[in-house]
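A quick write-up on the structure given underneath.
The values are calculated or read from the model by the stated rules, or taken from the named source; none is laboratory data. Predicted model only: the values in this text are computed from it and were never measured. Here the Cβ is made from the backbone with ideal geometry for all residues, glycine too, and neighbour counts use every protein chain on show.
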Amino acid sequence: MNTIDVSIQRRAPWNKGKLTGQKAPLRLRDIWAIRIRLQLAKKARDLALFDLAIDSKLRACDLVRLRVRDVGSADHISSRTIVLQQKTQRPVQFEITAPTRDAISAWIKQAQLQSNGFLFPSRIHNSDHLSTRQYARIVNEWIAGIGLDVAAYGTHTMRRTKATLIYRRTKNLRAVQLLLGHTKLESTVRYLGIEVEDALEIAEQTEV
C-alpha cells in the first residue's frame, strides 16, 4: 500500500507566529502623524485611502471595492454616501469630511480615474482593484512608519478608530452601531471592547 507522500508540505496558517485578536484603534496623534507623513511624501493615493478608511469605517473588503461613483466625481465628492456591505448585504451610510474629500478629489485627478472605475485600482495587471492583502501591507507600512508595533494594529484598526473616538466622546452605543452597520448592539459592545476601554480611560484620568 502506498503511503502519503511526505514531501507534500502542509500550508502554514496565515496567522502562524502572529498576535491575533482585537486590533487597537489609532489615537488622534497617530492619525495626524500618519496623515502628515503621507502629505509630505506626496502619496496622493495613500492619503485618500487612509482618510477614507478612517471616515467610512468600512471593512477592508468593502473599502477596496469602492468605485469613483460611490463617492462622487473628480469635480464633486459627496459629503455623505451609502455603501452596501458585502458581508451583511445591508447598506451603511457614512460622512466624508472636507479633508477626505480634498484628498479623494486630488487622487482621482492625478490618476485620471473614470466614474465607473475602481477608486483604488491595483497596480497588478490581473487585479482590478487593491486586494485586501495589498491593503493590509499598506496599513502595516503606515503603522511602522510612525513607530508603532505592527502586530498590535491592522486593517480593522482603520474600521475601529473613528467608531472608538465617537463612542468615547458621546457614549452613544446606538449611534456607533448604526455607523458600523452592525445588526446587533451586542456586536458593537464586543467590537469596541467598552469595558476595557472605559477602565483605561478612568485610569488615565486618575494618574498623578
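Condition check ((1) surrounded by 15 or more Cβ atoms within 10 Å (Cβ to Cβ); (2) in contact with a strand residue (DSSP E or B) (Cβ under 7 Å, 6 or more places away or on another chain); (3) more than 24 Å from SER131 (Cβ to Cβ); (4) not polar (S, T, N, Q)) across all residues:
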{"site": "ASP62", "(1), (2), (3), (4)": "yes, yes, no, yes"}
{"site": "ASP75", "(1), (2), (3), (4)": "no, no, yes, yes"}
{"site": "ARG80", "(1), (2), (3), (4)": "no, yes, yes, yes"}
{"site": "LEU84", "(1), (2), (3), (4)": "no, yes, no, yes"}
{"site": "ARG90", "(1), (2), (3), (4)": "no, no, no, yes"}
Options LYS23, LYS16: the member that is in a loop (DSSP other than H, G, I, E, B), basic (Lys, Arg), under 17 Å from the mean Cα position of the chain (by Cα) and modelled with pLDDT under 85: LYS23
Residue within the stretch 32-43 that is under 30 Å from THR100 (Cα atoms), over 14 Å from the mean Cα position of the chain (by Cα), of a type in the set (Phe, Trp, Tyr) and at pLDDT 95 or above present: yes
Hits in the stretch 120-154 - residues which are among the polar types (S, T, N, Q) and in a loop (DSSP other than H, G, I, E, B): SER122, ASN126, SER127, SER131
Criterion violated by ARG80 - all others in (1) modelled with pLDDT under 95; (2) of a type in the set (D, E, K, R); (3) in contact with a Gly (Cβ under 9 Å, 6 or more places away or on another chain) satisfied: (3)
Whichever residue in the stretch 156-188 is surrounded by fewer than 19 Cβ atoms within 10 Å (Cβ to Cβ) and within 28 Å of ILE138 (Cα to Cα) and, among such residues, is modelled with the lowest pLDDT: SER187
Residue within the stretch 165-173 that is under 17 Å from the mean Cα position of the chain (by Cα), at negative phi and charged (D, E, K, R) present: no
Where TYR153 falls short, out of the listed (1) in contact with a Lys or Arg (Cβ under 6 Å, 6 or more places away or on another chain); (2) at pLDDT below 80: (2)
Long-range neighbours under 8 Å by Cβ, at least six apart or interchain, first residue of a type in the set (Val, Ile, Thr) within the stretch 167-185, second not in a helix (DSSP H, G or I): THR183/THR88; THR183/ARG90
The stretch 115-127, subset under 20 Å from VAL83 (Cβ atoms) and surrounded by 13 or more Cβ atoms within 10 Å (Cβ to Cβ), residue modelled with the lowest pLDDT: SER122
